[in-house]
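See below for the structure under consideration.
The values are calculated or read from the model by the stated rules, or taken from the named source; none is laboratory data. No experiment lies behind these values; they were computed from the predicted model shown. With ideal geometry, Cβ positions are generated from the backbone for all residues, glycine too; neighbour counts draw on all protein chains shown.
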There are 2 protein chains.
Amino acid sequence: MNYYKQLDRTFAALADPTRRAILARLERQDGASVSELARPFAIKLPAVMKHLDVLDDAGVITRSKAGRVVTVRLSLDPIREAMSWLLRYERFWSGSLDRVAAYAEGKEAEARQTDR
Amino acid sequence: MNYYKQLDRTFAALADPTRRAILARLERQDGASVSELARPFAIKLPAVMKHLDVLDDAGVITRSKAGRVVTVRLSLDPIREAMSWLLRYERFWSGSLDRVAAYAEGKEAEARQTDR
């Protein structure tokens, strides 16, 4: 896949809250089974599987099978490229990445409270 | 728009090479007219206008009209949020880069000793 197509797929994969939640889960616990990943969601397993297909097509996860258990892992190269693309704007907010990260954590905590 | 919906729209807006090219252009020259933005593309003006609509709906650009000229500007808050979301993965590669560097230094020190 070329660089542009890869970025298209990565950003499209990120444009969904369930898929982002799956990626966030894998960031905390890499190497989760499909049923572990599906558990927190109200949607049915086939819907989760479809989201995993999108993530797999974008190359941001890998799936490996051992017996009846499919283990899902993060594959970070495409995410790194997406972040690199966005980094061009860094100079605009001229803050350190730390400040941006702190801002994100605040926003997320806020969102968790208001969306509850 | 809530935090999750905003991220959905921002990442979806980024999932297209023409829209990313428009944003990259605005990063170099903020405050461009629609015709300036359209010029490098092989696609027709109405197609460019549609991409601008998507960017505007995601809140990553603003458009202002003075006489017959529409000026397009970057609006960075949503892009900052998207980047913040991706920053959670930073520890994965910053950690591994450190480890790669340490490994390389170890190898080099080893080589200096055995080649002496």
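Worth a mention:
- Any chance B:ALA82 is at pLDDT 95 or above, aliphatic (A, V, I, L, M) and either touching a Pro at 6+ places or on another chain (Cβ under 8 Å) or surrounded by 13 or more Cβ atoms within 10 Å (Cβ to Cβ) (or both): no
- Complete set of residues in the stretch B:3-55 that are outside any helix (DSSP H, G or I) and either within 12 Å of chain A (Cβ to nearest Cβ) or touching a residue at least 12 places away in the same chain (Cβ under 8 Å) (or both): B:ALA15, B:ASP16, B:ASP30, B:GLY31, B:ALA32, B:SER33, B:PRO40, B:PHE41, B:ILE43
- Residue count, the stretch A:56-79 (criterion: within 13 Å of another protein chain (Cβ to nearest Cβ), part of a loop (DSSP other than H, G, I, E, B) and closer than 17 Å to A:ASP16 by Cα): 2
- Filtered residues of the stretch B:15-42 (kept if within 20 Å of A:TYR3 (Cβ to Cβ) and touching an Asp or Glu at 6+ places or on another chain (Cβ under 9 Å)): B:ALA15, B:ASP16, B:PRO17, B:ARG20, B:ARG25
- Residue under evaluation A:LEU74, criteria (1) within 22 Å of B:ALA15 (Cβ to Cβ); (2) free of Cβ contacts under 8 Å to residues at least 40 places away in the same chain; (3) not aromatic (Phe, Trp, Tyr), criterion not met: (2)
- Subset of the stretch B:19-40 [over 18 Å from A:TYR89 (Cβ atoms) and either surrounded by 15 or more Cβ atoms within 10 Å (Cβ to Cβ) or touching a strand residue (DSSP E or B) at 6+ places or on another chain (Cβ under 7 Å) (or both)]: B:SER33, B:VAL34, B:ALA38
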